[in-house]
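Beneath this line is the structure, given in structure tokens, with notes to follow.
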Amino acid sequence: MRRALATIVVGALAAGLWLVGATTPSSPELEAERPPLVYDFFSYYRPNAVYAAARLQAGELPLWNPYQQLGGPFLATLQAGVLYPPNALHLVLPSQGAFTWLAAAHLALAAVGALVLARACGAGPWGAASAGLLHAGSLQLWSSMWTPPTLYTAAWMPVVLAATLRVAERPSPGRAAGFALALAMQVLVGWPYTVAMTALVGTALAGAVLGARAWRERRLPASALAALAGGALAAAGLAAPQLAPSLELLAHSARAPGTLDPATAGAELATHDPGPVLQHLLASGTSAVTPGLAAPVLALAAVVLAGPGRGRAAVLLLAGLAGLAASFPGHLPVYDALRGLPLLGDFRFPFRYRLVTSLALAVCAGVGISRLVARAGRVRRVAAAGLCAAAVLVEAAPMLRAYAAPTRRFPRREAPPPERLGPLLAVVEKPEHAASRSLWLGFGTDRLGQAAGIRVLQDLEPLSLATTSRFVQFLGTGDAGVVAGDPGVVRPVFGAPYAGTPRLPATPERAALLDLLAVRFAVLARPPAWLEADWRLVPAGTRAPRLFENPHALARAWRAAWAEAEPPDPQAALERLLAPDFDLRTTVLLDPFPALGTAGSARDGPDPSGWARIERDDPERVVVRTRGRAAGILVLADAWFPGWQVTVDGETAEVLRADTALRGVQVPAGESVVEWRYRPRSFRLGVAAGAVAGLALAAALAVASRR
């Protein structure tokens, strides 16, 4: 009872530290100011939460997102965490309030997990409580507030590790089920790098425990190995409805295994230099490496002084040091070695390995406190209280100073768009423009995308489709290899392998590609000369940015009369679209190239006249009515991706990849109704696997309850 009460108190203190230190005491919601250098939260994580909540509240599962780039899978992108149960809070609270309370809840979970893990490594009550508070209040976690999946997966890390040790010590169906549930929750959050780190550290801890047990008993601990393997398989099965689509998307993304050049992996190089990291620690008393100045000394005591769990603490501390070494690419070879492992090969932010370092130091510091207290004799309780208070205060003081400034606080309300964007949005959001796309360069991206129902060409999706990324990069640079999905052609460009915000071409040679993508509007402050001369300035407000309308934009659905086989090389295919003898308004590149029947494959083929009109435009369903005097190819300027199915007048037809990145289908002469539906087979397989895993888990819990 006393141990449970201590655990509750530690969790409550961790959550309260966040609510008091980073929000207003009177209203624990997110505050109005935005911290500097924070972008992804407002342009990616928050719009994702708003979009997912709106779709779920409407009774729809958001499998596809049509509003970013040319469209792409949404559930499969992982970081939206659509199937992560705690994210259901977004269904009942505004997104800002939901993020606040979810942050507090996960800090409490991190504290409790670190406390339990410290107990498993030999810490006493005071030391375990200190470990929980040190971990939950660390700069590593607090600085992850703006990337919620990082915080959430980091909060589950000590829980998964503690569950791993419990199964390795004494396997049982109940413990295996608990391990599976914790691991599945971490996977469903949607930050695979932290899951991979947890797997590495968990393997090391379990190996140490099982190795020692095998040495003592002179036999292989088969039951423990089976329980751990079964728990891991069950966790994968429970997460399969999200994990299976994600693996499919990964294979077709610009982050496919083997496609990321090592030169692009160390973005933000200043954060990966040990010199500035050490200087910051000495100057401020805290850093993303260690919870505080006292933690390394106390952690060393956990290994030097004899006591229960010393071997586990040593393994955990070594894992933390390995994580620290991996966070310095270019200085130490550890990161390059880890890049070759599954799930870690495309990890672009090595400083995240310090999540392991900070956790290991916090837990081992708690164990060290217990070691010192055990040697304090009669004044043990006073010594314990003093050591705990000192350890926590050494950390908390700089943390509270760092987060006391209003610029570091979350915003309380959903910020409206700046006044100067109001007239522009009024034009772009008109119903007659709903099917077209816009290009917003540097302005209003907080308001755009799925949060506003506007199709924008820019994108921040980590798993951008390689076909779309190549197209967008070629548009701005003329080089399809900048973000290519092919080994050996990725160049060290900052931001790769993301498509990021596309760049307009400096000269008009590639401007026709904007027409092909149905980009009707562009919002920017400094347009290139060709755009000012060729596009129409829309009188919408007098201040920058300015709104331009493209008079040459094709409709999102159009009918091509002629087709050519797409060249196998992406660069050659995109250059073919701009060739003088290629009319991209009447001709389409196709892959695979079908038997066209009556549709032409040469310029002297059938009459190109015809029309297409979108009659229904839902995220996972698009209905187009089209008519032409001759057979042709209906092109929908949305991203091609496996899982899209198409029918023509109710008959199943083959989905073709058109113009390297779009969707196409053959249509006969006369009038036809074409219906596109997104029904990914990977999701159906994932649901089936999840059902099997759920039944297996229920059976394991039933067995555990009987025992």
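Consider a paramagnetic label point 7 Å from the Cα of Q645 along Cα→Cβ; state which residues of segment 671-699 have an amide N under 13 Å from it.
675-685, by backbone N distance to the label point.
What FRET efficiency comes out for the pair D581/E509, r = Cβ-Cβ distance, R0 = 22 Å, nearest 0.05?
FRET efficiency, D581 to E509: 0.90.
Compute from the Cα atoms of segment 184-234 the Rg and the Dmax, the latter being the longest Cα-Cα distance, and quote both in angstrom.
Cα radius of gyration and Dmax of segment 184-234 are 13.1, 40 Å respectively.
Hey, can you rank 521-529, 136-144, 45-53 by average C-beta count inside 10 Å, highest first?
The most tightly packed comes first, giving 136-144, 45-53, 521-529.
Collect residues whose amide H, placed 1.01 Å from N in the peptide plane, falls under 5 Å from the amide H of V588; neighbours closer than 5 in sequence don't count.
For V588, whose amide H was placed from the backbone, the distant partners under 5 Å are W562, A563, E564.
Tell me the volume per residue, in Å³, of the convex hull enclosing the alpha carbons of segment 31-150.
Cα convex hull per residue, to the nearest whole number: 129 Å³.
Want the number for D617 to Q279: 0.36 nm per residue separation, take away the alpha-carbon distance, what's left?
Full extension from D617 to Q279 adds 116.2 nm.
Evaluate E = 1/(1 + (r/R0)^6) for L318 and L695, where r is the Cβ-Cβ distance and R0 equals 41 Å; express this FRET efficiency to the nearest 0.05.
Efficiency for this residue pair is about 0.60.
Would you work out the relative contact order for segment 124-247, in percent, from Cα pairs under 8 angstrom that are 6 or more residues apart?
Relative contact order here is 30 percent.
At a 10 angstrom cut-off on C-beta neighbours, averaged per residue, how do the peptides 428-435, 620-627, 295-302 rank from highest to lowest?
295-302, 620-627, 428-435
Roughly how many whole Å is it from the C-alpha centroid of segment 109-180 to that of segment 65-98?
Result: 26 Å between the Cα centres.
Can you compute the FRET efficiency between A214 and D40 using 1/(1 + (r/R0)^6), with r the Cβ-Cβ distance and R0 = 41 Å? Round to the nearest 0.05.
It comes to 0.35.
Coordinate-derived values only; no laboratory data. Model, not experiment: these values are computed from the prediction. Cβ: placed from backbone, ideal geometry, glycine included. Neighbour counts: every protein chain shown.
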